[in-house]
Amino acid sequence: MSSRRSRSRQAGNNSRITDDQINDLVSKLHQLLPEIRNVHSDKVSAAKVLQETCNYIRSLHREVDDLSERLSELLATTDNAQAAIIRSLLMQ
Amino acid sequence: MDLQNLNPSSLKSRFTARFLRALTEINAPKTISSSSPREIFQRYRRIKVAADKSMAYSVRSRRIWSRATLWRLRTRSRSRRLVSFGRRASVKTRTTASHGKENKEHHGAVLGVQAEELRELVPGGEAMDLCNLLDETAHYIKCLTTQGFCVYMGGLLCEGCC
C-alpha cells in the first residue's frame, strides 16, 4: 500500500519517470473529473485532462468562496439566542 | 480503490468537527452591528481561513499540499501585513527544485502549459515533479469537495436555525 513512497523512491533512483506512471496518474485524475466527455476515457489526451482538472479546481475554489460568503451572511442574520442554540448543538 | 491515507468518512468527520468548532468562535457574541458589509466581509474571510485550516489540519503533514497550506497559514498569522490574501498564492517549498526541473523538462514538451497552470492551483505545486503533482492533485481535489460539502452543511445548519 506504500505505492506513493515507493513511487517517489523510484523517481529518485531513475531520473526518468516512466510514461506508464504518468498515464496511470492522469487516468486516475480523469476519474475524479465530473464530466467525461468522450465515451472511452483512454481517448482523452493527458493535456486535456490536466486542462479540465485546472478548470475543476478553480470551480471548486469558487464554490467554497460562494458557500463561505453565504454562510457569513447567514451568521449575520441569526440573533444571539439562535447562535447560542447552534453553539450548544455543535459542542455535543 | 482509494488513494492511500484517504478515508472519506473519517476525513469528512475530522474536517467537520474542526470547521464547526471554528465557526462557533467566528460566531461568538457580537457587539452592536453584525450585519454591516464590512463585518460580513471580515467574517467571510475568517470562514475561508477556517475552512482551509480545518482541511489542512485534518490531513496534517501527510501531503505536500497540506504542508504548504499549513506553512502559508502559519506565516500569514505571524505577519500582520497581508500582501495577497487568497489561497491562489503559490507557496515555494524547500524541496528539491532542481530534481523537479529535470522531470519537468522530460515531460515538459507534452504537458508543459497545463502542468504549469496546475502548479499554481495546487498548494506547493511549484516544487513538485510531475508524478507528485498529479498524485497530490487527486488528493487535493477529493479534499476540496469534502471542504465544499462541509461548508455547505454549515450553511444548512445555520439556515435551519434561522
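Please treat every number below as a calculation from the coordinates, not as lab data. Please read all numbers here as calculations on a predicted model, not as lab measurements. For neighbour counting, all protein chains shown are included, and Cβ atoms are generated from backbone atoms with ideal geometry for every residue, glycine included.
The table that follows gives values for the structure above.
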{"read-out": "Chain lengthening between residue B:62 and residue B:159 when straightened (0.36 nm per residue, less Cα-Cα)", "value": "31.5 nm"}
{"read-out": "Protection proxy ranking of B:123-129, B:46-52, A:46-52, B:153-159 - average other beta-carbon atoms within 10 Å, highest first", "value": "B:123-129, B:46-52, A:46-52, B:153-159"}
{"read-out": "Shielding score for B:37-47, defined as the mean number of other chain Cβ atoms within 10 Å", "value": "4"}
{"read-out": "Using θ = phi - 60° and Karplus 6.51 cos²θ - 1.76 cosθ + 1.60, couplings along the range A:57-62 (whole Hz; Gly, Pro as x)", "value": "5, 5, 5, 5, 4, 4"}
{"read-out": "Peptide-level mean, for A:58-64, of C-beta atoms on other protein chains within 10 Å", "value": "6"}
